[in-house]
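Student: Before we start, here is the structure in question, set down as structure tokens.
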Amino acid sequence: MTQTPPFPCRALAVLLPLCLATHALADDAVQLAPVEVSASTPTQDDTLQREDLLKSQAHDLNDVFVSDPEISVGGGGNPISQKMYIRGMEESLLNLSIDGAQVNSKIYHHQTALILDPLLIKQVEVEKGTAAASAGPGALGGAIRYETVSAGDLLRPGQQFGGTLTGSVFSNEGWRSAGSAYGRFGDKVDALVSGTLMDTRDYQNGNGETVANSATEQRNYLAKIGVQLTDTQRLAASFQRSTDEGVRTARANMVGFPHPVLPNDPIPQSLERDTATLKYSGRQLGFVDGVDATLYRTEVDSDRTDKKGRNWGETLTTSGADLMLKNAIGDHLLKYGLNWREEKSAARNIANPYKLTGSGREDMRVFGGFVEGEAHFGSVTLTGGLRFDDYSYTDNHDQKFDSDGVSPSAGIRWQALESLELRAGYAQALRGVGLKEAFMLDIAQWKNNADIKAEEAHNSEIGFRFGQGGFSLEGNAYRQIVENFITTFSCPASRGGCRGNAGKAVIDGYELAARYRWGNLSAGLSVAESRPELEGRKFSDGDLGLGTSTGRSWVTRLDYALPEYGVQMGWLGRFVESLDYIPVGSTTSRSKAGYGVQNIYISWLPLKNDTLRINLAVNNLFDQQYYDQATYAWNGWQGKTLGYPEPGRDVRLEASWKF
């Protein structure tokens with residue numbers, strides 16, 4: 001894999017003059033609280049915190065999002081085959097970022113493009129539905145923002161240097177180890193280096209059967225350095241690498257796909273992602289209350305070697321810059337900024353059996369700007385946003401496509417009572433014609449139709465929040481529309497296929513969540529249901545790049561703390577109702593089986609502080625045999641289940657020493 005310098009000189013050239021220019025203003029400024037503007041959409045967004053991920057010993061995306069009924073993760077127990085869905089929409093319709101660096105386009109539809117050990121995560125912000133103007137270009141289905149830990153998150157008050165060592169074993173089936181070192185150098189500089197290793201063998205399903213070709217080796221590394229330029233200005237750089245290797249079927253999310261021309265043999269495969277970011281943040285700079293600027297570069301490399309010895313794969317490189325300015329105007333808030341992103345994809349060692357593949361390379365560029373505000377009038381808050389994006393795309397057949405448009409959003413929140421808030425909103429988003437998945441640049445013609453149109457999303461939503469004492473109840477209902485969905489399909493005049501607009505997708509749904517806290521006990525119950533349809537039919541597992549259909553999902557949880565013993569314990573249950581749908585290759589209805597899975601954890605601090613932590617977790621406590629409904633499972637043409645089952649019971653024991 002071609003390595004890119006993690007801290008590009010051109011990034012420093014852009015940001016450092018900005019820091020120096022504002023130095024004089026910042027020295028005399030009074031430091032105030034950061035200015036934040038709420039999103040224009042009234043969704044039930046979610047923020048997942050590091051502490052919860054540590055207690056449950058999260059290993060993969062499924063572990064990270066198991067507590068949110070609006071999010072499904074299918075693909076089985078191998079992280080490389082897992083895909084995430086929000087309200088039935090696939091992750092490829094979302095804006096995904098790590099420390100502000102975008103990871104959006106697809107490498108290969110049978111695997112994920114995002115691997116990251118949850119041990120490195122500080123928090124995950126989930127923005128559901130068509131995202132606010134500030135979420136960046138192309139956020140049709142929402143946004144997920146991963147933030148990794150920094151030295152300041154791990155150092156104790158007054159501590160200059162520290163570290164952590166973590167080791168864990170799990171019965172189904174493998175081990176993980178991790179180490180971090182971090183510190184402050186004087187009053188201005190802090191730094192962190194961290195690494196995790198995870199090796200698993202083929203896991204067992206709930207029936208006790210070994211799932212072949214599900215073993216994996218993962219390596220995750222993180223390095224960060226931050227410089228406090230003044231009391232109100234900070235410059236930070238980070239570099240994060242994740243790798244995954246293993247022998248798995250050519251279609252990593254399918255256990256069987258017998259085909260005389262397109263076999264699904266187990267072959268060595270790897271996925272590697274490098275992400276570098278450079279960030280500047282300033283507060284109370286005189287001319288503006290807040291500045292956030294980010295430069296980033298992400299490179300994803302997929303590699304495969306078949307049984308005939310052919311080595312091939314794909315690369316996807318994303319470079320970008322984001323600038324956000326914030327101002328307080330009396331009681332009102334305003335933020336505005338610019339976004340630039342460039343993506344390049346390429347297939348290596350092209351087979352090109354039909355001499356139709358083209359150059360094997362594509363590139364896309366988008367430049368956009370936005371303004372978003374929040375105005376307070378007594379008990380009523382109005383929010384609104386507007387963004388403009390301009391896309392340019394050149395495909396592997398040297399066809400050029402230009403797309404541009406305006407995306408408005410507006411919302412209202414009314415504090416009807418001290419304990420009751422009502423909200424409603426509407427948002428649009430545009431995603432211009434862009435890269436195919438990189439795999440489709442390799443072996444066959446997948447040619448863009450000349451009249452292909454940009455995708456547009458519309459989201460209408462109403463909701464409420466009630467809270468009194470230790471009890472809260474929150475709910476919302478929505479209708480999401482994606483017009484001109486772009487996908488591939490068979491073309492009579494082509495030996496491969498065409499890429500064009502498939503029509504309109506409509507998703508109706510709701511979510512309701514209740515929580516109660518009484519002393520050291522907290523309880524929660526949430527339910528979510530989405531009904532996604534494409535041109536009047538339910539999403540099927542074959543709607544790759546769009547989404548899938550799942551039954552109504554329930555999540556229940558109890559957490560209890562015994563602070564005098566340094567103990568926290570909890571139980572989480574996820575229950576999914578059965579769903580009737582028409583599978584790929586079928587004309588008759590079939591049912592996706594419902595299931596209920598329960599996890600428990602105990603976290604113990606035996607020294608009554610964070611020096612030593614011992615965690616015990618049991619996932620799938622009752623050894624349930626099931627397929628996640630978001631998994632590509634039954635195939636009508638072959639009359640069999642192709643997807644991977646979920647792991648059976650997994651007992652995880654972990655010890656962590658912080659010094």
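Bear in mind these aren't lab numbers, they're just calculated from the coordinates by the rules spelled out. These figures come from a predicted structure and were not determined experimentally. Quick reminder, even Gly has a Cβ in these numbers, built from the backbone with ideal geometry, and neighbours come from all protein chains shown.
Student: Answer with a single label: of (i) 0.94; (ii) 1.07; (iii) 1.02, which was calculated as Rg/Rh (Cα atoms, Kirkwood Rh) from the structure in view?
Tutor: (i)
Student: Taking the Cα centre of region 375-434 as the origin and placing charges on Cβ (Lys, Arg +1; Asp, Glu -1), which of A410, V380, Q399 is farthest toward the positive end of the dipole?
Tutor: V380
Student: Separate question: Counting only C-alpha contacts under 8 Å and six or more residues apart, can you give the relative contact order of region 536-659 as a whole percent? All intermediate terms of the calculation are to be shown ahead of the outcome.
Tutor: Working: 278 pairs, mean separation 26.9, N = 124.
Averaging sequence separation for qualifying contacts and normalising by length gives 22 percent for region 536-659.
Student: Give me the distance between the Cα centres of region 97-123 and region 548-576, rounded to whole Å.
Tutor: Cα centroid of region 97-123 versus Cα centroid of region 548-576: 25 Å apart.
Student: Loop only per DSSP, at most 13 neighbouring Cβ atoms within 10 Å: give me the chymotrypsin sites (Phe, Trp or Tyr not before Pro) in region 217-289, ordered by residue number. Walk me through the numbers on the way to the answer.
Tutor: Numbers: sites: Y221, F239, Y280, F287; in loops: F287.
For chymotrypsin sites (Phe, Trp or Tyr not before Pro) across region 217-289 that sit outside H, G, I, E and B with at most 13 neighbouring Cβ atoms in 10 Å, the list reads F287.
Student: Over all directions, the average projected area of the alpha-carbon convex hull for region 501-594 comes to how many nm²?
Tutor: 8.2 nm²
Student: Now, a different point. Given a cut-off of 25 Å, name the pairs among K326/K400; K83/K436; K122/K658; K355/K453; K55/K335 whose C-alpha atoms lie farther apart than that in the structure shown. Walk me through the numbers before you get to the answer.
Tutor: Values: K326/K400 36 Å; K83/K436 18 Å; K122/K658 16 Å; K355/K453 27 Å; K55/K335 36 Å.
Result: K326/K400; K355/K453; K55/K335 exceed 25 Å.
Student: Report, in deg cm²/dmol and to the nearest 500, the calculated mean residue ellipticity at 222 nm for the chain, where each DSSP H run with n ≥ 4 adds -39500 (n - 2.57) and the sum is divided by the residue count.
Tutor: Working: 5 runs with 33 residues, N = 659.
After summing the helix terms and dividing by residue count, I get -1000 deg cm²/dmol.
Student: Of the trypsin sites (Lys or Arg not before Pro) in region 303-406, which ones lie in a loop per DSSP and count no more than 13 other C-beta atoms within 10 Å? Could you put the intermediate results ahead of the total?
Tutor: On the way: sites: R304, K307, K308, R310, K326, K335, R341, K344, R348, K355, R361, R365, R387, K400; in loops: K307, K308, R310, K355.
When the trypsin sites (Lys or Arg not before Pro) of region 303-406 are filtered for loop state and at most 13 Cβ neighbours within 10 Å, K307, K308, R310, K355 remain.
Student: What lysines could a cross-link reach from K188, if we take a straight Cα to Cα line under 16 Å and drop same-chain neighbours fewer than 8 places away?
Tutor: Leaving aside lysines fewer than 8 places away in the same chain, those within reach of K188 are K224, K279.
Student: Restricting things to alpha carbons, tell me how big region 68-220 is in terms of Rg and Dmax, in Å.
Tutor: Both quantities, over Cα of region 68-220: 18.2, 57 Å.
Student: What does DSSP give for the chain in terms of the percent of beta bridges that are antiparallel, rounded to the nearest 5?
Tutor: Working: 296 of 304 bridges.
Among the beta bridges of the chain, antiparallel pairing accounts for roughly 95 percent.
Student: Rounding to the nearest 20 debye, state how big the charge dipole of the chain is about its Cα centre with +1 on each Lys and Arg Cβ and -1 on each Asp and Glu Cβ.
Tutor: Values: 65 positive and 80 negative charges, 185 e Å.
I would put it at about 880 debye.
Student: Mind ordering 632-645, 154-167, 402-415 by average Cβ neighbours within 10 Å, highest first? Intermediate values should be presented prior to the final figure.
Tutor: Details: 632-645: 19.1, 154-167: 14.0, 402-415: 17.4.
With the highest mean Cβ count within 10 Å placed first, the list reads 632-645, 402-415, 154-167.
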